[in-house]
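Each remark here refers to the structure printed beneath this line.
Readers should treat all values here as calculations from the given coordinates under stated rules, not as data from a laboratory. Everything quoted here is computed from the prediction, not taken from an experiment. No Cβ is skipped: glycine too gets one built from the backbone with ideal geometry, and neighbour counts run over all protein chains shown.
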Amino acid sequence: MTNLIYLFDVILTNGKIFFFTSSSQYQFFEENTYVPQSGLNFNIGEFNDSAENSAIIYGIFETNGICKNDNLSGAKIKIKYLYANNAHLIGNFIVTKFFSHDLEFELKCETECIKYNQALLQMFSKTCRANFGDDRCKIRLEDVSIQSQIIEVNNNIITCDFRDIEDGYFKNGKLIINDAQNTAHEYNIISHFRNNIETNITSTSFIFSKQIVTLIPGCDKNYRTCCYSFHNAVNFRGEPVIPEFNIIEN
């Protein structure tokens, strides 16, 4: 097939459309003009019965063709070849890897069925699908929370009287404190270092030392946190060892 003329219909993710040919001459087919710019060449193809086909395309950066600022990652490419004045479809592909060199580029293309593989992987998650403390998580918040006395208030950082708790345990958690009317106020915990709790409190006028606060830890939904911070790996609602689903890359 080395003497065949290839036609490439290229659609970038930004909507830009090109029609290229491997020939050194312009080719006209189905009201489209296929231009020789960028010298696209279909060199390697792998095809099997499972439709997991792939193709390697080489080209050069060129004015009126593919330019340096064109991003081909995720582009759709239809490849055809001309034989006896007829165009025969080789396949519809998606660019899954775009290698940009000084003057040249290389495209690794895979068939569109890869999108269905991506959709399947999106049904799974490396992080937990449960919410901290809900029926699927099964953690009882009262079992992992503490009540502590305030030692000092410095703007939005509250120093509490507790010890032997790992740094970061309360990060992304909640701080609850009652005012003089016994109304509960809830704030987000931004960070936790030693016995210092940084919150999103904007006014501390009703917060004083020796008050009692409730500190509820946060969960980042990662398996390691579930396992080592809360000893709750058996209820982890995720698949921590699945591959990343975003397989289109530069």
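In nm, to one decimal, how far is the modelled label at residue 220 from the one at residue 142, with both set 7 Å along Cα→Cβ?
About 3.0 nm, to one decimal.
For each of 213, 153, count neighbouring Cβ atoms within 10 Å of the residue's Cβ, then give the residues from fewest to most.
So the residues, fewest neighbours to most, are 153, 213.
Could you list log10 I(q)/I(0) for the chain at q = 0.09, 0.17 Å⁻¹, which the Debye formula gives when each Cα is one point scatterer?
-0.63, -1.15
Based on the Cβ-Cβ distance from residue 178 to residue 92, what FRET efficiency comes out when R0 is 51 Å, to the nearest 0.05?
Step by step, r from the Cβ atoms, then E = 0.20.
For the chain, with only Lys/Arg (+1) and Asp/Glu (-1) charged at the beta-carbon, what is the dipole magnitude about the Cα centre, in debye rounded to 20?
360
Calculate, axis by axis, the spread of Cα positions in segment 160-207 along the three principal axes, and write the results as whole Å, longest axis first.
33, 19, 15
By a straight-distance test (C-alpha under 30 Å), which lysines pair with residue 97 as possible cross-link partners, with residues fewer than eight away in the same chain excluded?
Within the straight-line cut-off, residue 97 pairs with 16, 68, 76, 78, 80, 108, 115, 126.
For the residue pair residue 166 and residue 188, what label-to-label distance in nm results when each label sits 7 Å from Cα along the Cα-to-beta-carbon direction?
So the two model labels end up 2.4 nm from each other.
Between residue 62 and residue 157, how high is the FRET efficiency from 1/(1 + (r/R0)^6) when r is the Cβ-Cβ distance and R₀ = 45 Å? Nearest 0.05.
0.15
At 7 Å along Cα-to-Cβ for each site, give me the label-to-label distance between residue 241 and residue 125 in nm.
Spacing of the two 7 Å Cα→Cβ label points: 2.1 nm.
Of 158, 79, 56, how do they rank once you tally other Cβ atoms within 10 Å and put the fewest first?
56, 79, 158
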